[in-house]
1. Largest first, what is the accessible-area ranking of Tyr124, Tyr29, Tyr305 with a 1.4 Å probe?
2. Based on DSSP H assignment, which helices of the chain show an axial Cα extent of at least 20 Å together with a mean Kyte-Doolittle hydropathy greater than or equal to 1.6?
3. Given a 1.4 Å probe and every protein chain left where it sits, what share in percent of the accessible area of the chain is carbon and sulfur?
4. How large is the accessible surface per residue of the chain, computed with a 1.4 Å probe and reported in Å² as a whole number?
5. Apply the Kirkwood formula to segment 1-139: the hydrodynamic radius equals the inverse of the mean of 1/r over all pairs of different alpha-carbon atoms; give it in Å with one decimal.
6. Of Gly60, Leu3, Ile390, which is farthest on the positive side of the dipole of the chain, counting Cα position, with +1 on Lys and Arg Cβ, -1 on Asp and Glu Cβ, and the Cα centre as origin?
7. Which value, in debye to the nearest 20, describes the size of the charge dipole of segment 253-355 about its Cα centre when Lys and Arg Cβ atoms bear +1, Asp and Glu Cβ atoms bear -1, and nothing else is charged?
8. Report, to two decimal places, the Cα Rg of the chain normalised by 2.2 N^0.38 Å (N = number of residues).
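The values are calculated or read from the model by the stated rules, or taken from the named source; none is laboratory data. Please read all numbers here as calculations on a predicted model, not as lab measurements. Cβ atoms come from the backbone with ideal geometry, glycine included; neighbour counts cover every protein chain shown. The protein model used for the area step is the full one, side chains on, heavy atoms only, and it has no ligands, DNA or RNA in it. Shrake-Rupley method; radii C 1.70, N 1.55, O 1.52, S 1.80 Å.
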Amino acid sequence: MALHEIRYLHQHPAVIRILLGILVVPLVYAVTFLASVWNPYGELRHLPMAVVNQDRPVTGMAWGRQVTRQLVRNRSLDFRQMPMHRAQQQLATGHVYLVLQIPREASYQLRHLPTATRPLHVTYRTNAGQSAVAAKMGESAMTKLQIRLNQAVVQAEQQTARQQLAQQTRLTAGQLRQIAQLTAANQGTVATLALSRLQTQLARGAQAMTAVTPIRLIQRDTHSLANNGTGMAPYFMTIALFVGCITLNIIYDAGQRHGKYRYFALAWLDKMSFLWGFVVLAASALWFGVWQINGLRPVHPLATYLFSLLIILAFFSLVTCFRLWLGLTGAWLMLLFMIFQIGCSGGTYPIELTNPLLRAFHPYLPMTIAMSGLHQTISLGGSITEQVAILVGMVVAFSLGTLAYFYRHQDASAE
């Protein structure tokens, strides 16, 4: 079996190289993608969060300072103390994923907990527009934190109540001894009444501390999302645009000429103007689909569309340059490069929760730049000047690379 195929491969070593290249594609995809999602919840200690302590201590209590110290020293979460203006700025830019704000009246309100009419509201802010998954993970972490904080406060208050009760018991015992000396006949009745009063106070105090919820964490989202698809749109749109460029270069040979040209630049312009127009049409079709079929509603629709056109031009220039100079090997390298970028992009989980190797490459990859810009135009509404400059630079640099290929092969015979 397969003897004729084996003989054919022996006679055509190039086909063997192609098959070996295809063989590693599933390997690279599985290993890279799994590395990016391997154990995100076990890596929450790498997810940067900010704590802002605005609490004003009162006599005998500095709750904000105590909680801040505990959070910063906690190894299961990556809390960093910072002022409010810096925390808000870093939340907006994605350098932190959650901001916990301890209010000014925290110590005062907890100091008067037995007479408090409402729980202490502690606000934490997330930015779902930057990362919907990080916002959900932060919400889960804060739910657990609220339980721990309440347990600590209730236990401390119960300890204080027990100390006060013990002190009051000693005072009452002393009073009973004095009363007994004056009215020996009524000593049993007075003692019984006093002890009954103490027991009633203890029962009421225990019930109150069991029922109370001293602290409630309130979530505020800086940029909320209409749905999960809106948060994932930059990731899937970027992948789709890169896949389109690779597919085009595998099927359509950009280096083959269909006419005679006096100058190589004219041959390049004729070929590239057609292909540029084609990829722009492909990106427009993608935009129409996510707008009309999926119902995507970006903060800046026109900017999202135009930025998508720039993304596909940058990706096309990159892939085509490698395809022209290295042939199908170049297209294969771009396929592996795309798979590697999927793992490094942080599209599924925040990049801080992934493999250290992927985190190191993350900031410098084209898909990372493209996703960052789409997050701004779709959800955040911020500036994309830096992303535009980088992608324009890619278009220019790799277009010059394709132009150099046409110069190098300007004597190629016309088909």
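1. The most accessible residue leads, giving Tyr29, Tyr305, Tyr124.
2. 13-36, 301-326, 328-344
3. 60
4. For the chain, the per-residue accessible area is 56 Å².
5. 19.2
6. Going by the Cα projections, it comes out as Gly60.
7. 380
8. 1.53
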